[in-house]
Amino acid sequence: MDELDMALARLANAPIPVSLDGMEERVLARLDAIGTMRSPSLVASGALAAIFALTLGVMMEADLTRRDVARQDVAGLFGEPPYALSTLLGA
């Protein structure tokens, strides 16, 4: 741990290189530029995802309703299901 402490102390006392002098301003300026460009597309993609999820949910519900109706129609043709409670109790 002593070596790490000494290396960190050297870095803390070392002068800042000239090439890093304006880096913070450049990075923040680029982040601001990126943020303003992407915000409408993020909103649009979120709205598109919500519309897709809603459409998928409505389609799945309609499909499940059709399947239930189809099962009821077929069950009526063959009488009671073999595992109905009245069949199992012999009533």
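I'd like the accessible area for Glu61, computed on protein heavy atoms only with a 1.4 Å probe and all protein chains in place. Round to 10 Å², please.
For Glu61, solvent-accessible area is about 110 Å².
Want the number for Ile16 to Leu54: 0.36 nm per residue separation, take away the alpha-carbon distance, what's left? Can you show the working numbers first?
Numbers: separation 38, 0.36 × 38 = 13.68 nm, distance 5.45 nm.
Net length gain for the segment: 8.2 nm.
I'd like the accessible area for Ile51, computed on protein heavy atoms only with a 1.4 Å probe and all protein chains in place. Round to 10 Å², please.
Here the residue's solvent-accessible area equals roughly 100 Å².
The values are calculated or read from the model by the stated rules, or taken from the named source; none is laboratory data. Predicted model, so just to flag it, every value in this text is computed and none were measured. Accessible surface is based on the protein model in full, side chains and every heavy atom, while ligands, DNA and RNA are left aside. Shrake-Rupley method; radii C 1.70, N 1.55, O 1.52, S 1.80 Å.
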